[in-house]
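Right, one structure below, let's go through it.
The values are calculated or read from the model by the stated rules, or taken from the named source; none is laboratory data. Please read these numbers as outputs of a predicted model, since none were measured by experiment. Note that each Cβ is placed from the backbone with ideal geometry, even for glycine, and that neighbours are counted across all protein chains shown.
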Amino acid sequence: MLLSFRVRGLGPEMDPSPTLSSSPLLQIREALADMCVRIHTSVSDASDRFFAELRRRYYTTPKSYLDLINLYLQLLKEKR
(Lines give C-alpha, C1' and ligand atoms only; values in the text may rest on other atoms or scores of the structure.)
Protein backbone atom coordinates (compact mmCIF):
# COMPACT_ATOMS: atom_id res chain seq x y z
CA MET A 1 0.00 0.00 0.00
CA LEU A 2 2.73 2.46 0.89
CA LEU A 3 4.53 1.85 -2.38
CA SER A 4 1.42 2.47 -4.47
CA PHE A 5 0.80 5.79 -2.75
CA ARG A 6 4.35 7.00 -2.23
CA VAL A 7 4.97 8.94 -5.45
CA ARG A 8 1.47 10.40 -5.83
CA GLY A 9 1.52 11.43 -2.18
CA LEU A 10 4.34 13.91 -2.71
CA GLY A 11 1.84 16.17 -4.41
CA PRO A 12 1.90 18.55 -7.36
CA GLU A 13 4.83 20.47 -5.87
CA MET A 14 7.05 17.57 -6.86
CA ASP A 15 5.43 16.70 -10.23
CA PRO A 16 8.02 16.48 -12.97
CA SER A 17 7.29 17.36 -16.56
CA PRO A 18 5.50 14.44 -18.24
CA THR A 19 7.96 14.62 -21.16
CA LEU A 20 11.02 14.27 -18.92
CA SER A 21 10.66 10.79 -17.51
CA SER A 22 14.33 10.64 -16.45
CA SER A 23 14.54 14.21 -15.18
CA PRO A 24 16.50 14.99 -12.01
CA LEU A 25 13.23 16.07 -10.36
CA LEU A 26 11.70 12.66 -11.01
CA GLN A 27 14.78 10.97 -9.54
CA ILE A 28 14.58 13.19 -6.45
CA ARG A 29 10.87 12.47 -6.10
CA GLU A 30 11.48 8.72 -6.27
CA ALA A 31 14.29 8.95 -3.70
CA LEU A 32 12.10 10.98 -1.34
CA ALA A 33 9.27 8.51 -1.71
CA ASP A 34 11.62 5.63 -0.89
CA MET A 35 12.89 7.53 2.14
CA CYS A 36 9.35 8.09 3.46
CA VAL A 37 8.52 4.39 3.09
CA ARG A 38 11.76 3.39 4.86
CA ILE A 39 11.13 5.79 7.74
CA HIS A 40 7.56 4.56 8.19
CA THR A 41 8.52 0.89 8.12
CA SER A 42 11.51 1.39 10.44
CA VAL A 43 9.28 3.14 12.99
CA SER A 44 6.88 0.22 12.74
CA ASP A 45 9.73 -2.24 13.37
CA ALA A 46 10.97 -0.16 16.31
CA SER A 47 7.48 -0.10 17.80
CA ASP A 48 7.43 -3.92 17.72
CA ARG A 49 10.73 -4.00 19.63
CA PHE A 50 9.38 -1.37 22.03
CA PHE A 51 6.41 -3.63 22.78
CA ALA A 52 8.60 -6.71 23.18
CA GLU A 53 10.88 -4.96 25.67
CA LEU A 54 8.50 -2.69 27.60
CA ARG A 55 5.08 -4.18 26.86
CA ARG A 56 3.82 -0.80 25.67
CA ARG A 57 2.23 -0.17 22.30
CA TYR A 58 3.15 2.54 19.83
CA TYR A 59 0.96 2.53 16.76
CA THR A 60 1.91 3.53 13.24
CA THR A 61 -1.03 4.07 10.94
CA PRO A 62 -1.58 5.14 7.35
CA LYS A 63 -2.24 8.62 8.75
CA SER A 64 1.25 8.58 10.29
CA TYR A 65 2.62 8.02 6.78
CA LEU A 66 0.52 10.86 5.37
CA ASP A 67 1.65 13.14 8.20
CA LEU A 68 5.28 12.38 7.33
CA ILE A 69 4.71 13.34 3.70
CA ASN A 70 2.83 16.50 4.69
CA LEU A 71 5.63 17.48 7.06
CA TYR A 72 8.14 17.14 4.24
CA LEU A 73 5.99 19.23 1.89
CA GLN A 74 5.58 21.91 4.57
CA LEU A 75 9.35 22.07 5.11
CA LEU A 76 9.88 22.23 1.35
CA LYS A 77 7.53 25.24 1.06
CA GLU A 78 9.33 27.02 3.94
CA LYS A 79 12.73 26.47 2.33
CA ARG A 80 11.63 27.74 -1.10
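Using beta carbons and a limit of 6 Å, which pairs, at least six apart or on different chains, have the first residue in the range 25-46 and free of Cβ contacts under 8 Å to residues at least 24 places away in the same chain and closer than 18 Å to Asn70 by Cβ and the second one assigned to a helix (DSSP H, G or I) and not β-branched (Val, Ile, Thr)?
From the range 25-46, the pairs are Arg29/Leu10; Arg29/Met14.
Going through Tyr72, Tyr58 one at a time, which residue ends up being modelled with pLDDT of 85 or more and part of a helix (DSSP H, G or I)?
Sole residue among the options that is modelled with pLDDT of 85 or more and part of a helix (DSSP H, G or I): Tyr72.
Could you check, for the range 17-29, whether at least one of its residues is part of a helix (DSSP H, G or I), modelled with pLDDT of 90 or more and among the polar types (S, T, N, Q)?
The answer is no; no qualifying residue exists.
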